[in-house]
Amino acid sequence: MSNSNKFSRRQALKFGAAGAAAMGAGPLIFTRNAWAQAFPNDPGSNANVILGFNVPQTGPYSDEGADELRAYMLAVKHLNGEGDGGMMNTFTPSSLKGNGILGKKVTYTTGDTQTKSDAARASAKRMIEKDGALMITGGSSSGVAVAVQGLCQEAGIIFMAGLTHSNDTTGKDKKRYGFRHFFNAYMSGAALGPVLEKEYGTERRAYHLTADYTWGWTQEESMRQFTEGMGWQTAAAVKTPVGAGDFSQYITPVLNSGADVLVLNHYGKDMINSLTQSIQFGLRDKQVNGKNFEIVVPLFSRLMAQGAGENIKGILGSTNWNWSLQDAGSQAFVKSFGAEYGFPPSMAAHTCYVQTLLYANACEMTGTFYPPEVIKALEGFSFDGMGNGKTEYRAEDHQCFKDVLVVRGNENPSSQFDLLEVVETTPRSQVEYDAKIFGGELGPYKV
Amino acid sequence: MKQKLFNDTTLFLTFAAAILLMPIWLAPLGASYPDLLQKFAIYGIFAIGYNILFGLTGYLSFGHAAFLGVGSYAAVWSFKLFTMNAIPAVLFGVFFAGVLALIIGYLSLRRSGIYFSILTLAFAQMSYNLAYSVLTPITNGETGLQLTLQDPRMIDAMFIEVGEGLPITNLFGIKMSGYSGFYFCAVLLIICFYISLRIFRSPFGLMLRGIKSNQNRMNYTGLNTRPYMLAAFVISGMFAGLAGSLLAVTDPLAGAERMQWTASGEVVLMTILGGVGTLIGPILGAGLIKYFENIFSSFNNNILHDFFSFLPDTLENIVVQVTGLFVGGGWHLTLGLLFVIVVVYLPGGIVEGFQRLARLLSRKKQPDKTSSSLKNQSAE
């Protein structure tokens with residue numbers, strides 16, 4: 001250890017000054033062009049527009065993410081006039097021309113959200129700052145959707161949410177630049193409530209297992225609101241960590257709680273695990289309070305049903321869309337997706353495909369990519385032919401309103417994909433609510 | 001004591017210049033956009049701090065993510081309660097991380113070796129679970145703590161008129177996102193590097209190295225090593241707190257996943273990948289891992305097809321199929337392979353690679369005895 005290498009105070013001062021000078025000059029060099037744009041990532045005279053597809057490629061929701069990405073690539077194809085056009089042929093009123101968006105070819109950049117807010121924001125920032133994405137879409141978790149939506153509001157980039165079911169996304173955390181086509185926990189509760197009453201009666205004790213984040217909380221809240229409203233009691237509501245893997249420690253207490261219904265507010269691989277373990281623990285073979293023990297999964301998807309296999313038979317839930325629907329839009333989409341990938345799309349794929357088309361259509365309608373104008377075109381936009389019947393983007397909270405499907409795990413599936421049968425289509429009027437009940441503010445058009 | 005190639009002054013100068021010029025020389029690698037540059041600088045600070053503990057004393061902590069998370073939460077609360085200025089946020093972050101490090105360090109340092117590692121891991125996991133569910137009112141659980149329009153912001157409210165939309169973090173008016181945010185982090189990184197340099201060269205640093213080579217012998221000479229260990233632990237915890245608060249400064253959001261054990265593991269990887277116990281290694285490791293996470297994960301098959309388009313079609317498809325496994329969602333796999341290769345062939349990390357390269361180029365006939373003995377030590 002010699003002291004000869006140490007800095008003298010004079011040297012330290014010199015470097016400090018040089019550093020400060022470099023720091024002052026740096027921003028001038030690197031951000032000079034930042035103010036030349038009227039809005040962030042204006043494609044200007046470029047021949048391409050870039051969309052950012054930010055989906056979970058790893059983690060508990062990666063199955064959904066993979067399917068979302070497939071749908072996005074299909075949507076890009078259709079927008080560019082390749083393939084059979086899918087729902088572009090059934091979508092009304094449509095301004096889409098099949099030559100990209102506003103004559104510019106659609107290209108894309110992808111990223112991995114890892115179902116973590118931090119990683120999702122880093123990935124979205126990369127798309128905005130490096131790749132020049134004009135719009136960000138995707139995600140399969142409400143936590144991620146809320147985080148990325150907040151980022152997009154600050155950056156002035158439109159965010160078309162993928163699969164996110166929490167009331168908060170278009171409730172207390174809603175943003176001017178964020179839009180959600182998917183339904184939410186409140187709608188699930190409103191649609192499931194009457195069906196549960198009809199099937200299981202009004203004298204039940206429910207036990208909730210809830211994924212411990214924004215979606216789970218609001219899902220539980222909405223389910224309790226509607227079930228308690230019709231006379232059910234809530235025995236207990238237990239929060240479980242996301243991606244827990246083993247739920248046995250949470251399921252054992254259910255047996256001794258005196259509850260006769262288990263509500264699994266879980267999604268993705270978590271739901272597959274918790275449902276499978278509940279069945280293995282013999283919950284469904286039990287009789288409690290003189291009634292058959294039942295399990296309810298408020299948010300159901302075919303991908304999850306596929307993962308859970310036999311165990312989903314007879315279990316009630318709600319879903320945004322199912323490939324077995326017979327309307328022209330759904331059929332066109334299933335055909336086109338099936339031709340491309342060899343199996344039917346999931347509801348995550350459906351909502352992501354629709355979101356991409358809706359954004360492109362809004363740009364065509366206004367004739368510009370300027371976000372405030374595109375937002376105004378989307379607000380209050382009513383459309384049909386996208387698989388859910390008549391749908392409206394409500395201007396007050398950027399939430400789509402449409403019919404909700406109540407489904408049941410198919411007892412006798414005719415194929416490996418025919419896993420959910422539609423029990424009831426709950427009309428839009430029954431699931432609608434006042435935009436004010438969840439609070440929150442959209443924020444400004446211009447940022 | 002170290003490579004003759006650089007003395008400390010030139011090392012520091014080169015380092016400062018390289019960091020400040022990152023936006024230029026990283027451009028060809030596609031990594032010169034503000035968010036990634038900020039991450040380089042921030043995780044560089046995290047890794048430097050970690051190296052002060054792990055590199056000098058050899059104590060392997062698996063709980064440093066807890067300090068990172070506490071720094072973030074403290075910073076976001078400073079934004080929510082007081083002001084959007086970055087300075088108080090950073091101070092709060094460092095302070096609270098330091099306090100937590102003092103508590104955890106005081107308890108964990110009663111043991112050494114694997115028991116110490118397990119203790120720190122346990123404490124970090126406890127902090128994570130607290131943040132995730134128990135302390136939800138403070139941390140907002142899994143969703144993460146975010147700014148809202150209703151926050152009091154007491155100091156700002158006195159001076160600045162409330163605008164429409166969320167306020168942005170700033171340093172006396174300079175916004176803390178984009179390139180200016182990067183330069184703020186970069187200057188702090190350079191300061192941290194300087195502090196680390198001085199610690200490495202100080203008697204205190206020598207004491208820490210002594211603990212690494214033989215703690216028992218140090219104890220037998222009548223010296224109480226615990227205060228030194230605790231000081232090193234707290235310093236490295238404060239570095240982590242600084243990094244955490246900077247994460248919040250550049251992007252005002254704090255999530256519990258920052259405290260997860262994977263985040264603690266990440267900083268261990270960064271340090272080992274770059275070179276344990278070397279000054280510059282941890283920063284290289286941090287940069288490499290963040291580069292993989294952000295750039296490799298964004299490669300999709302389209303980009304691969306473009307890249308390999310010079311090959312004949314069938315061959316191109318095969319090559320894309322194979323390489324596709326290693327990019328996009330498979331970036332972890334590439335990183336894992338790289339890690340294995342480095343640990344097996346370059347136990348001293350990337351820095352050892354550079355040293356070998358330098359020796360090869362300078363064609364020294366006689367290997368430098370002192371430097372190789374130090375190298376072996378740092379490769380433990």
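The values are calculated or read from the model by the stated rules, or taken from the named source; none is laboratory data. Keep in mind it's a predicted model, so treat the numbers as computed, not measured. Cβ atoms come from the backbone with ideal geometry, glycine included; neighbour counts cover every protein chain shown. Areas reflect the complete protein model, heavy atoms only, side chains present, ligands, DNA and RNA absent. Shrake-Rupley method; radii C 1.70, N 1.55, O 1.52, S 1.80 Å.
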Percent accessible area from carbon and sulfur atoms, the protein assembly as shown, protein chains only, probe 1.4 Å: 60
Please report the orientation-averaged projected area of chain B, defined via the convex hull of its C-alpha atoms, in nm². 22.2
Counting pairs of alpha carbon atoms under 8 Å apart in space and at least six apart in sequence, what relative contact order in percent does chain B give? 28
Let me cross-check A:Glu197: its accessible surface, 1.4 Å probe, with only protein heavy atoms counted, in Å² to the nearest 10? 80
Net charge (Lys, Arg +1; Asp, Glu -1) of residues whose beta-carbon lies under 15 Å from that of A:Lys239, A:Lys239 excluded, is -4
Expected vector for region B:119-130, Karplus 3J(HN,Hα) from phi with 6.51, -1.76, 1.60 and θ = phi - 60°, integer Hz, x for Gly and Pro, equals 4, 5, 4, 4, 5, 5, 5, 5, 4, 4, 5, 4
With DNA, RNA and ligands ignored, accessible area of B:Glu142 (1.4 Å probe; Å², nearest 10): 20
With a 1.4 Å probe and all protein chains left in place, how much accessible area per residue does chain A have, in Å²? 35
Could you work out the percent of alpha carbon pairs in chain A separated by over 28 Å, rounded to a whole number? 51
Delta accessible area of at least 50 Å² on complex formation, residues of region B:7-37, 1.4 Å probe, chain isolated as reference: B:Thr9, B:Tyr33, B:Asp35
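Going through the DSSP H helices of chain A, which span 27 Å or more along their own axis at the Cα atoms while scoring at least 1.0 as a mean Kyte-Doolittle hydropathy?
Numbers: long enough: A:9-30 (31 Å, 0.57); A:347-366 (29 Å, 0.47).
Sorted by number, there is nothing, because no helix extends far enough and scores high enough.
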Got a sec? Charge dipole of region B:8-260, +1 on Cβ for Lys and Arg, -1 for Asp and Glu; which of B:Leu21, B:Ser32, B:Met218 is way out at the positive end? B:Met218
Pick out, in residue order, every one of the chymotrypsin sites (Phe, Trp or Tyr not before Pro) in region B:254-337 that is DSSP loop and has at most 14 other C-beta atoms within 10 Å; say none if there are none. B:Phe310
Heavy atoms only, probe 1.4 angstrom, no DNA, RNA or ligands counted: give me B:Arg209, B:Arg258 ranked by accessible area, highest first. B:Arg209, B:Arg258
Along region B:277-285, what does the Karplus equation 6.51 cos²θ - 1.76 cosθ + 1.60 (θ = phi - 60°) give for ³J(HN,Hα), rounded to whole Hz, x for Gly and Pro? x, 9, 6, 8, x, x, 5, 4, x
Rounded to the nearest 100 Å², what's the accessible area chains A and B bury against each other, both chains counted, probe 1.4 Å? 4500
Quote the accessible area belonging to A:Leu96 in square angstrom, nearest 10, computed with a 1.4 Å probe and with ligands, DNA and RNA left uncounted. 30
Euclidean distance between Cα centres, region A:123-192 to region A:320-389, Å: 16
Pick out, from A:Thr210, A:Phe226, A:Ile272, the residue whose Cα sits farthest towards the positive end of the charge dipole of region A:186-319, with +1 on the Cβ of Lys and Arg and -1 on the Cβ of Asp and Glu. A:Ile272
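Treating the beta-carbon of each Lys and Arg as +1 and of each Asp and Glu as -1, no other charges, what is the dipole magnitude of chain A about its Cα centre, to the nearest 20 debye? Show your work: numbers first, answer last.
Values: 40 positive and 44 negative charges, 385 e Å.
So the dipole magnitude of chain A works out to roughly 1860 debye.
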HN-Hα J in Hz across region B:252-268 - Karplus 6.51, -1.76, 1.60, θ = phi - 60°, x for Gly and Pro: x, 8, 10, x, 5, 5, 5, 9, 5, 5, 4, 5, 5, x, 4, 6, 5
Solvent-accessible area per residue for region B:40-151 at a 1.4 Å probe radius, Å²? 34
Heavy-atom accessible area order for A:Lys105, A:Lys335, A:Lys269, B:Lys212, largest first, 1.4 Å probe: A:Lys335, A:Lys105, A:Lys269, B:Lys212
Of the options A:Phe333, A:Tyr250, A:Leu79, report the single residue whose Cα projects farthest towards the positive end of the charge dipole of chain A (beta-carbon charges: Lys, Arg +1; Asp, Glu -1). A:Leu79
Kirkwood Rh (inverse of mean 1/r, distinct Cα pairs), region A:186-319, angstrom: 14.4
Whole-Å distance, taken between Cα centres, linking region B:319-362 and region A:224-273: 45
Region A:429-446 versus region B:114-172: alpha-carbon centroid distance in Å: 26
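Among B:Glu352, A:Glu82, what's the order by accessible area (1.4 angstrom probe), most exposed first?
Output order, biggest surface exposure first: A:Glu82, B:Glu352.
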At a Cα cut-off below 14 Å, give the aspartates and glutamates reachable from B:Lys175, other chains included and same-chain residues fewer than 8 away excluded. A:Glu154, B:Asp35, B:Asp251
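Quick one: compute the contact order of chain A, relative version, from alpha carbon pairs under 8 angstrom and 6+ residues apart, as a percent.
In percent, rounded to a whole number, it is 18.
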Go through A:Lys77/A:Lys376; A:Lys130/B:Lys80; A:Lys77/A:Lys175; A:Lys174/A:Lys436; A:Lys335/A:Lys390; A:Lys97/A:Lys130 and tell me which ones have a Cα-Cα distance over 19 Å in this structure. A:Lys77/A:Lys376; A:Lys130/B:Lys80; A:Lys77/A:Lys175; A:Lys335/A:Lys390; A:Lys97/A:Lys130
In Å³ and rounded to a whole number, note down the convex hull volume per residue for the Cα atoms of the protein assembly as shown. 176
